[in-house]
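Visitor: I have a structure I would like to understand better, so I am pasting it below and will then ask my questions one at a time.
None of the figures in this text is laboratory data; all of them are computed from the coordinates on show. Small disclaimer: the values here were computed from a predicted structure and weren't measured. Here the Cβ is made from the backbone with ideal geometry for all residues, glycine too, and neighbour counts use every protein chain on show.
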Amino acid sequence: MDNNKLKDQVKEEFITYLNIKKHRRTPERFAILDHIYSAKGHFDMESLYKEMSESSLRVSRATLYNTIDLLLECGLVIKHQFGANVSQYERAYGNENHDHLICTSCGEVKEYKNSNLFTPSQQKRLQRFKISYYSMYIYGICSKCQKKNQVQEKKNKTNSLTTKK
């Protein structure tokens with residue numbers, strides 16, 4: 001699905017949701033939705049606020065937080081808590097299924113595309129269940145931090161040998 005069709009689809013879903021819940025349909029809400037679906041990847045509220053403040057339609061922090069809450073409620077945005085204190089978000093539609101590799105040392109998050117997580121027998125069990133999306137969190141230590149830890153361990157061994165003499 002091309003990005004314009006995707007944006008039209010999520011806009012229609014958002015309009016339907018706002019009408020059902022009797023919320024106002026404001027230009028700011030639609031600008032936030034459009035911005036989220038124009039970009040790919042994760043974002044946090046601070047980076048989104050900064051990007052929105054540089055756009056032609058400025059939004060307040062309150063409007064941004066309230067709109068994100070609405071987008072979460074209607075399933076157009078997904079919230080992640082990767083272990084840090086900052087929540088990260090991403091659009092729910094138009095993403096390929098992917099896993100998140102999270103370094104427990106430096107906090108870096110990388111996405112890993114996984115074409116098919118489920119084995120044929122698992123797929124058969126899920127036949128009556130329509131999967132919208134899935135996400136897996138894999139925690140460990142990235143290669144940069146592993147190298148840094150190895151260098152530190154060597155330093156510690158060298159220092160302990162020299163202090164014993």
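Visitor: Provide the net charge surrounding PHE30, with neighbours chosen by a C-beta distance below 15 Å and charges set as Lys +1, Arg +1, Asp -1, Glu -1.
Guide: Result for the neighbourhood of PHE30: +2.
Visitor: Give the calculated FRET efficiency between LYS155 and TYR112 to the nearest 0.05, with a Förster radius of 41 Å applied to their Cβ-Cβ distance.
Guide: Computed FRET efficiency for LYS155 and TYR112: 0.80.
Visitor: First check a/c for region 1-95, with a ≥ b ≥ c the square roots of the eigenvalues of its C-alpha gyration tensor; if it is under 1.5, answer rounded, and if not, answer prolate when a/b is larger than b/c or oblate otherwise.
Guide: Rounded.
Visitor: Kindly write out, for region 36-52 in residue order, the coupling ³J(HN,Hα) from the Karplus curve 6.51 cos²θ - 1.76 cosθ + 1.60 (θ = phi - 60°), rounded to whole Hz, with x marking Gly and Pro.
Guide: 4, 8, 8, 10, 10, x, 7, 8, 10, 5, 5, 5, 5, 4, 4, 5, 5
Visitor: Taking only Cα atoms, what is the 0 to 90° angle, nearest 10, from helix 61-73's long axis to the longest principal axis of the chain?
Guide: Taking the Cα atoms of the chain, the angle to 61-73 is about 80 degrees.
Visitor: Work through the residues other than LEU101 whose Cβ is under 10 Å from its Cβ and net out their charges, Lys, Arg +1 and Asp, Glu -1.
Guide: Charge balance near LEU101 sits at -2.
Visitor: Moving to a separate point now. Fully extended, how many nm does the chain gain between ASN19 and SER87 (0.36 nm per residue separation, minus their Cα-Cα distance)?
Guide: Taking ASN19 through SER87 to full extension adds about 21.7 nm, to one decimal.
Visitor: Give the long-range amide H neighbours of VAL77: residues separated by 5 or more places, or on another chain, with amide H under 5 Å away, using H modelled in the peptide plane at 1.01 Å from N.
Guide: LEU72, ALA92
Visitor: Out of all DSSP beta bridges in the chain, what portion is antiparallel? Express it as a percent rounded to 5.
Guide: About 60 percent, rounded to the nearest 5.
Visitor: Please list, in chain and number order, the residues 5+ apart from TYR137 or on another chain whose amide H is under 5 Å from its amide H, with Hs placed from the backbone.
Guide: Sorted by chain and number, the residues that satisfy this are HIS100.
Visitor: Give the residue from ASN19, SER55, LEU72 lying farthest towards the positive end of the charge dipole for the chain; charges sit on Cβ (+1 for Lys and Arg, -1 for Asp and Glu) and the dipole is referred to the Cα centre.
Guide: Result: LEU72.
Visitor: When Cα extents along the principal axes in Å is calculated directly from the model, which label among [x] 55, 36, 24; [y] 77, 47, 26; [z] 49, 41, 31 fits?
Guide: Structure-derived value, by its label: [y].
Visitor: Compute the long axis of helix 143-164 from its Cα atoms, compare it with the longest principal axis of the Cα atoms of the chain, and write down the angle in degrees, 0 to 90, nearest 10.
Guide: Taking the Cα atoms of the chain, the angle to 143-164 is about 30 degrees.
Visitor: What is the helix-to-structure angle for 3-21, meaning the angle in degrees between its Cα long axis and the longest Cα principal axis of the chain, kept from 0 to 90 and rounded to the nearest 10?
Guide: Computed tilt is about 70 degrees.
Visitor: I would also like to ask the following. Which of the three applies to region 97-165, rounded, prolate or oblate, going by the alpha-carbon gyration tensor with a ≥ b ≥ c and a/c under 1.5 meaning rounded?
Guide: prolate
Visitor: Sequence neighbours fewer than 8 away in the same chain don't count; with that in mind, list the lysines whose C-alpha is under 16 Å from LYS40.
Guide: The reachable lysines, counting only those whose Cα sits under 16 Å from LYS40, are LYS5, LYS7, LYS79, LYS110, LYS113.
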